[in-house]
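Notes follow the structure.
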Amino acid sequence: VYWTETMHQDASEKRDNKWKNVNVFPRTKDFNIILAMIANADVVDQEKLDYATNLVVLMEHLVKKERSGYDNESFSNRIVQFEGHGNSYNCKPDIFTYNTLISIAANAGRPEVAEETLEKMAKKSAAGDFSVKPDKTTFNTVISAWARSKTHSSGDKAAGVIHLMQKMADEGDESVRPDRISLTSVMNSLISSAKRSRNAPLQAEDIIQRMEQSKDSHLQP
């Protein structure tokens, strides 16, 4: 009995010591999986949006902690060590993270949060973090969020987003040029807000003209 207990104790100690040398950190994809599950839930409410927002804030906090908590040499060595095992030490939010958060905000009926996240991505991109540069999915999801909200200013807000897309495209960023999804979502938003906004008919007419003048046959009405 003594021998058995001793062997069990030795095995437990070895196991514990083994795991003490293993760094288990959440990675970007781990957080993204959770966010995707929230976005695809049958019901997405304010509580789920708050939870998702807190997850992203945690990711941002962990990245800052990693950068300040270790000297560059030892940190780099640990990065190489983990990458060698197919793991990533980094939990930095990427474009999928923010796009999913925007989708959650849209599903929760909070278009203003979706647009705030878009603005945050644009600021980070302008500061040099091109990994979170808003793409066409980002913009279209924000437009959809406003279109679904049916608030007094939803048409104006949706039109504002598509005008920004057009401006960026005209300045050389063809990756965010409005497509049929963009235009259709804005039109739906303007139609639903026509009774609440005097500008809606004029804005809808402008969108139709854009579609008629487009060189892209897929956008022509």
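The values are calculated or read from the model by the stated rules, or taken from the named source; none is laboratory data. Values in this document were obtained by computation on a predicted structure and should not be read as measured data. Counting neighbours? That spans all protein chains shown, and the Cβs are built from the backbone with ideal geometry, glycine included. Ligands, DNA and RNA are stripped out before the accessible areas are found, and what is left, the full protein with its side chains, is counted by its heavy atoms. Shrake-Rupley method; radii C 1.70, N 1.55, O 1.52, S 1.80 Å.
So here's what we get for this one:
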| item | result |
| --- | --- |
| Condition check for I162: under 18 Å from A39 (Cα atoms), buried (at least 19 other Cβ atoms within 10 Å of the Cβ), in contact (Cβ under 8 Å) with a residue 24 or more places away in the chain and not polar (S, T, N, Q) | no |
| Every pair of residues 6+ apart whose Cβ atoms lie under 7 Å, when the first sits in segment 38-59 and is part of a loop (DSSP other than H, G, I, E, B) while the second is of a type in the set (G, A, S) and open to solvent by 20 Å² or more (accessible area, probe 1.4 Å) | V44/A108; D45/A108 |
| Failed item, numbered, when G109 is tested on (1) within 19 Å of V44 (Cα to Cα); (2) part of a helix (DSSP H, G or I) | (2) |
| Where a residue in segment 92-112 is aromatic (F, W, Y) and its partner, wherever it lies, is in a loop (DSSP other than H, G, I, E, B) and at pLDDT 95 or above, with Cβ under 9 Å and at least six apart | Y98/P134 |
| Yes/no for T117 being open to solvent by 40 Å² or more (accessible area, probe 1.4 Å), at pLDDT 95 or above and either closer than 30 Å to S192 by Cβ or touching a strand residue (DSSP E or B) at 6+ places or on another chain (Cβ under 8 Å) (or both) | no |
| Top-ranked residue in segment 158-192 [being assigned to a loop (DSSP other than H, G, I, E, B) and touching a helix residue (DSSP H, G or I) at 6+ places or on another chain (Cβ under 6 Å); ranked as nearest to K133 (Cα to Cα)] | R177 |
| Sole residue being at pLDDT 95 or above and either more than 30 Å from E112 (Cα to Cα) or open to solvent by 60 Å² or more (accessible area, probe 1.4 Å) (or both), chosen from V80, V56, V43, V24 | V43 |
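So that you can scan it fast, the table gives a plain yes or no per residue for (1) within 21 Å of the chain's Cα centre (by Cα); (2) modelled with pLDDT of 90 or more:
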| residue | (1), (2) |
| --- | --- |
| V176 | yes, yes |
| D179 | yes, no |
| A194 | no, no |
| S214 | no, no |
